[in-house]
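Presented below is the structure to which this report refers.
The values are calculated or read from the model by the stated rules, or taken from the named source; none is laboratory data. All of these numbers come straight from a predicted model, not from anything done at the bench. Using ideal geometry, Cβ is built from the backbone for each residue, glycine included, and neighbour counts are taken over all protein chains shown. For accessibility, only protein heavy atoms count, side chains too; no ligands or nucleic acids. Shrake-Rupley method; radii C 1.70, N 1.55, O 1.52, S 1.80 Å.
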Amino acid sequence: MTEKELRKLTRKQLLELLLKQTERADSLEAELEEAKRKIQDRNLMQSEAGSIAAASLKLNGVFEAAEAAAAQYLENIAKLNEDSELAYEKAKAEAKEKADVLVKAAEKLCLEAEERAQKAQKRLEEIEERIREIHNQKKLLDEMFKDPSAKPEVDINEE
């Protein structure tokens with residue numbers, strides 16, 4: 001909207017326009033807060049999945065929950081359909097399929113957690129190596145500043 005068009009608007013129209021813009025700004029702020037919350041949730045999930053041991057414990061819980069859910073499902077079906085052996089076998093097969101799907105999903109999660117843990121371990125080793133390099137360079141600089149005429153024990157360019 002041009003400045004000329006704005007000048008032609010009545011006070012009521014200007015207030016309505018301002019109200020719409022305020023509502024839009026509020027809506028955008030709400031979307032921004034939701035996006036920030038999702039990023040925070042994702043960061044929290046990534047920090048929780050940091051070690052193989054923790055991931056394994058979580059996955060063990062998934063396996064147990066899958067088995068318990070399948071068992072409970074079978075029990076409920078059996079109680080409802082005691083007189084129908086065919087219905088029981090069908091429910092049993094469905095429960096097994098669902099349990100197999102859950103187990104496969106849990107195995108996939110386990111593999112992904114192990115891969116993330118291996119990547120994290122590799123990155124940690126790289127960081128430790130870099131810290132050692134920095135430490136060695138600091139030692140060299142400390143020696144050089146103690147006695148400027150002294151020759152350093154390790155050549156920095158070798159690394």
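Being under 30 Å from residue 113 (Cβ atoms) and not in a helix (DSSP H, G or I) is a condition met by at least one residue of segment 42-49. Selection within segment 81-92: residues that are outside any helix (DSSP H, G or I) and open to solvent by 90 Å² or more (accessible area, probe 1.4 Å). The member of this set that is modelled with the highest pLDDT is 82. Considering only residues that are more than 28 Å from residue 66 (Cβ to Cβ), within 30 Å of the chain's Cα centre (by Cα) and either among the β-branched types (Val, Ile, Thr) or open to solvent by less than 70 Å² (accessible area, probe 1.4 Å) (or both), which ones fall in segment 93-142? Scanning segment 93-142 gives 127, 131.
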